[in-house]
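The values are calculated or read from the model by the stated rules, or taken from the named source; none is laboratory data. Just so it is clear, the model here is predicted, and its values are computed rather than measured. Neighbour counts run over all protein chains shown; Cβ positions are idealised from the backbone, glycine included.
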Amino acid sequence: MIASKPQARALLREVFGYADFRAGQDEAVEAVLSGRDVVVLLPTGQGKSLCYQVPALAARAAGRGTTIVISPLIALMHDQVTALCAKGVAAAALHSHQGADEQKDAVAAFLRGELALLYVSPERAAKESFRRMLRRTRVALLAIDEAHCVSQWGHDFRPDYLRLHELREILDAKVLALTATATPRVLAEIESGLALASPQVIQGDITRENLAFSVQHLRTQSARQEVLEQELHKAGLRSRRGPGRAIVYCSTRKTTESVAKALRKKGFAASYYHAGRTQSARERAHQAFEAGRTRILVATNAFGMGVDLPDIRLIVHFQAPGSLEAYYQEAGRAGRDGEASRCVLFFGASDLMTQRRLAASGEKGLVARHERGLAAVEAYARGTSCRQQTICKHFTADNDPPLCGHCDVCQGESPAGPLFEEAKPEPVIESLTDDERELIVAAVGRLTRPVGKLNLARALRGSRAKSLSRGGLLSMPEYGKLPHHSEPSIVFAVEALISDGRLRRTGQKYPTVWIPGKPIRDAAAPREKQSGRRVTSKRGSLHRGGAVARALDNYRNRTARKLKWKAYMVFQKRTIVAIEQQRPDSLAALARIPGLGPAKIERFGSDILQLVREHGGARGA
């Protein structure tokens with residue numbers, strides 16, 4: 001036993017200022033102090049960090065060594081270390097944003113046994129240099145925060161978490177794994193993935209009685225923007241000053257920026273946060289929100305982990321996330337002070353498409369996980385049962401949790417009017433046989449160009465949609481061979497084939513499927529043969545046109561870079577083609593070229609005429 005419960009409570013009171021532990025914390029701290037492996041599942045905002053911080057102080061006081069904390073975010077590590085040091089706790093972190101001297105000081109303090117806690121990332125924990133360091137001093141406890149990252153069925157899988165079990169071969173220390181969002185399946189994978197020995201599993205009450213959940217079925221972005229403004233107004237967030245804050249979560253950076261811009265135009269004090277902004281811009285947005293200078297933050301999921309603001313009165317998901325775990329973790333950031341707060345989810349079929357596109361650019365081989373996550377979100381959004389009850393069933397497998405009494409379903413509210421989507425029955429995903437999967441691969445192999453998954457599914461079902469007229473979809477022998485399977489089932493099978501390496505994705509903005517290793521024929525080649533005109537590459541360069549066309553294209557690209565324009569803003573490709581054909585020799589002749597108005601002739605005309613003279617000679621006007 002590292003310390004007694006009275007000693008632990010004394011540390012809690014003297015260092016952290018709390019009179020007693022919350023439900024769940026008490027059991028977790030007692031289990032850790034007794035020397036067991038422990039898994040802790042507590043909702044967001046219920047104080048998971050104290051479950052290892054108090055035992056860490058007790059262990060150092062007893063001469064047991066330092067507690068190593070594995071944390072996935074540098075910002076989270078920094079915030080926790082700063083808060084602990086402010087309380088007089090000897091804590092440090094090792095991460096890539098530190099200078100060499102700062103890292104050296106942290107290592108030296110650790111090796112001297114001065115630290116109660118040392119925070120590191122899972123990537124650093126995998127390094128051999130870090131593991132050699134661990135062998136040189138005593139470690140009391142290994143605490144693994146956001147432990148659901150070890151599971152491929154969790155919502156934020158991180159491959160480096162899979163190597164954390166190797167630390168058990170080095171350390172004679174117990175493991176405390178903590179998470180806010182884990183289904184029974186994820187909890188089982190945490191136990192096996194971290195090689196825990198008969199762990200005590202402590203699962204707190206998943207319900208948040210002060211949160212009122214609701215869903216709005218919205219078709220368009222303009223409808224969502226309108227309802228968002230209504231929700232912010234109801235929450236008292238229209239004025240630039242006052243109590244309370246709101247977070248608006250979006251799935252993409254582009255949507256994040258457009259929503260924030262629209263809110264500012266309507267007079268709301270809103271800023272935005274996503275991983276595409278510079279570090280300084282993110283910090284400014286975070287600090288302004290934390291200080292109350294902006295009361296509304298529009299953000300992707302890059303914001304929120306480790307943020308502990310008490311008075312967030314409204315969380316709106318402008319676009320549905322990819323799993324119920326992600327949703328509940330983000331929604332749980334509302335009402336941490338126990339006051340009544342609202343969590344609103346906007347949902348539409350387009351959200352599922354957005355999440356599938358985002359998933360396609362991530363880890364391969366996780367198609368089934370993503371689809372199950374989306375199915376759970378859709379079931380929640382389209383469900384007619386108490387929202388909090390549905391969430392509890394998802395995480396605890398309890399078939400009879402209590403009704404919350406204040407969600408939209410319990411209150412008898414139902415979306416209505418032209419802004420809203422009609423609820424549709426959840427599509428059933430059927431499994432295709434091996435022969436049917438082979439048929440899909442054969443069909444793609446016969447095509448003359450890559451195709452979208454949905455168009456491929458429609459052709460295999462026998463659709464006559466106009467969008468199927470190109471690429472050979474209507475003429476392939478496999479056309480109409482899978483009429484008894486739904487489009488979602490065929491699309492799911494295509495994703496599985498991509499995951500298995502039988503098919504591959506092509507394209508970025510509009511992803512398509514193709515055969516691995518098969519070259520893609522240049523679709524512009526027949527046009528070149530017929531007309532003798534230029535062929536455009538994937539980047540839009542005129543690489544087979546005449547000397548004049550190539551020179552003009554190079555000039556256009558150079559000018560666009562200099563002016564920070566898009567290339568077409570200088571002049572379009574059809575203008576280049578016309579100039580090469582007509583070979584103008586005067587400004588008057590240029591005026592007859594389509595796409596060249598007076599302003600462009602004044603700005604670029606002399607350069608164009610010079611390029612025509614140098615590379616082709618004029619044909620006259």
Worksheet item: Is it true that GLU426 is modelled with pLDDT under 90 and surrounded by fewer than 17 Cβ atoms within 10 Å (Cβ to Cβ)?
Response: yes
Worksheet item: Does HIS148 satisfy the condition of being in the same structural domain as VAL29 (by TED's automatic domain parsing) and under 23 Å from the mean Cα position of the chain (by Cα)?
Response: yes
Worksheet item: among the small types (Gly, Ala, Ser), assigned by TED's automatic domain parsing to the domain that holds GLY24 and over 18 Å from THR44 (Cα atoms): does that describe ALA143?
Response: no
Worksheet, complete the sentence: ALA92 vs (1) assigned to a strand (DSSP E or B); (2) hydrophobic (A, V, I, L, M, F, W, C); (3) more than 26 Å from the chain's Cα centre (by Cα); (4) under 18 Å from LYS48 (Cα atoms): all pass except (4)
Discussion item. Quick check on my filter: what residues within the stretch 162-192 are under 25 Å from LEU33 (Cβ atoms), part of a helix (DSSP H, G or I) and touching a residue at least 24 places away in the same chain (Cβ under 8 Å)?
Written reply: LEU164, HIS165, LEU167, ARG168, LEU187, ILE190, GLU191
Response to the item:
Looking across the stretch 457-489 at residues that are of a type in the set (D, E, K, R) and not in a loop (DSSP other than H, G, I, E, B), the single one that is modelled with the lowest pLDDT is LYS466
Item to complete: Name the one entry in ALA19, ALA28, ALA10 that is without any contact (Cβ under 8 Å) to a residue 24 or more places away in the chain, in a helix (DSSP H, G or I), hydrophobic (A, V, I, L, M, F, W, C) and not assigned by TED's automatic domain parsing to the domain that holds LEU309.
Response: ALA10
Practice prompt. Starting from residues that are small (Gly, Ala, Ser) and assigned to a loop (DSSP other than H, G, I, E, B), keep the ones in the stretch 116-146 and report whichever is nearest to THR67 (Cα to Cα).
Written response: ALA116
Response to the item:
Restricted to the stretch 92-107 and to residues being among the hydrophobic types (A, V, I, L, M, F, W, C) and farther than 18 Å from ARG132 by Cα, the residue surrounded by the most Cβ atoms within 10 Å (Cβ to Cβ) is ALA92
Worksheet item: Quick one: in the stretch 287-300, which of the residues that are free of Cβ contacts under 8 Å to residues at least 40 places away in the same chain and in a helix (DSSP H, G or I) is surrounded by the fewest Cβ atoms within 10 Å (Cβ to Cβ)?
Response: ALA291
Worksheet item: Of the residues in the stretch 121-142, how many are touching a Ser or Thr at 6+ places or on another chain (Cβ under 9 Å) and either of a type in the set (Gly, Ala, Ser) or surrounded by fewer than 20 Cβ atoms within 10 Å (Cβ to Cβ) (or both)?
Response: 6
Discussion item. Condition first: surrounded by 22 or more Cβ atoms within 10 Å (Cβ to Cβ) and over 21 Å from TYR273 (Cα atoms). Now tell me which residues in the stretch 216-250 satisfy that.
Written reply: GLN216, LEU218
Worksheet, complete the sentence: Of VAL298, VAL307, the only residue that is within 19 Å of the chain's Cα centre (by Cα) and farther than 27 Å from THR396 by Cβ is VAL298
Worksheet item: Could you list, in sequence order, the residues of the stretch 51-69 that are assigned to a helix (DSSP H, G or I), crowded, with 21+ Cβ neighbours inside 10 Å and hydrophobic (A, V, I, L, M, F, W, C)?
Response: CYS51, VAL54, ALA56, LEU57, ALA58, ALA59
Item to complete: Would you please list the contacts, defined by Cβ atoms under 7 Å and residues six or more apart or on different chains, that run from a residue in the stretch 301-316 that is within 27 Å of GLU226 (Cα to Cα) and among the aromatic types (Phe, Trp, Tyr) to a residue that is modelled with pLDDT of 90 or more and in a strand (DSSP E or B)?
Response: PHE303/TYR273; PHE303/LEU297
Practice prompt. Considering only residues that are acidic (Asp, Glu) and either surrounded by fewer than 16 Cβ atoms within 10 Å (Cβ to Cβ) or under 41 Å from the mean Cα position of the chain (by Cα) (or both), look in the stretch 548-605 and name the one that is nearest to GLY616 (Cα to Cα).
Written response: ASP553
Discussion item. Of the conditions (1) surrounded by 17 or more Cβ atoms within 10 Å (Cβ to Cβ); (2) free of Cβ contacts under 8 Å to residues at least 40 places away in the same chain; (3) part of a helix (DSSP H, G or I), GLN80 satisfies every one except a single condition; which number is it?
Written reply: (2)
Practice prompt. Go through SER489, SER475 for me and flag whichever is small (Gly, Ala, Ser) and within 35 Å of the chain's Cα centre (by Cα).
Written response: SER489
Worksheet item: So which of SER258, SER271 is crowded, with 16+ Cβ neighbours inside 10 Å, in a strand (DSSP E or B) and either polar (S, T, N, Q) or more than 21 Å from the chain's Cα centre (by Cα) (or both)?
Response: SER271
Worksheet entry | Residues of the stretch 367-411 that turn out to be buried (at least 16 other Cβ atoms within 10 Å of the Cβ) and either part of a loop (DSSP other than H, G, I, E, B) or at positive phi (or both), as a count | 8
Discussion item. Can you tell me how many residues within the stretch 199-210 are outside any strand (DSSP E or B) and buried (at least 20 other Cβ atoms within 10 Å of the Cβ)?
Written reply: 3
Worksheet item: What number of residues within the stretch 187-215 satisfy the criterion of being closer than 26 Å to PHE346 by Cβ and touching a His at 6+ places or on another chain (Cβ under 6 Å)?
Response: 1
Practice prompt. Considering only the stretch 274-286, state which residues are surrounded by fewer than 17 Cβ atoms within 10 Å (Cβ to Cβ) and in a helix (DSSP H, G or I).
Written response: GLN279, SER280, ALA281, GLU283, ARG284
Worksheet item: Which condition number in (1) of a type in the set (A, V, I, L, M, F, W, C); (2) surrounded by fewer than 23 Cβ atoms within 10 Å (Cβ to Cβ); (3) touching a Cys at 6+ places or on another chain (Cβ under 6 Å) is the one that PHE213 fails?
Response: (2)
Worksheet item: So, in the stretch 507-525, of the ones that are within 26 Å of LEU352 (Cα to Cα) and surrounded by 14 or more Cβ atoms within 10 Å (Cβ to Cβ), which residue ends up modelled with the lowest pLDDT?
Response: PRO511
Response to the item:
Checked PRO55, PRO122, PRO72 against criteria (closer than 30 Å to THR183 by Cα, in the same structural domain as VAL15 (by TED's automatic domain parsing) and at pLDDT 95 or above); the one match is PRO55
Practice prompt. Sort out which residues of the stretch 343-397 are of a type in the set (Asp, Glu) and at pLDDT below 90, and write them in order of number.
Written response: GLU363, GLU371
Worksheet item: Out of the residues in the stretch 301-324 that are among the hydrophobic types (A, V, I, L, M, F, W, C) and either in contact with a strand residue (DSSP E or B) (Cβ under 6 Å, 6 or more places away or on another chain) or surrounded by 24 or more Cβ atoms within 10 Å (Cβ to Cβ) (or both), which is modelled with the lowest pLDDT?
Response: PHE303
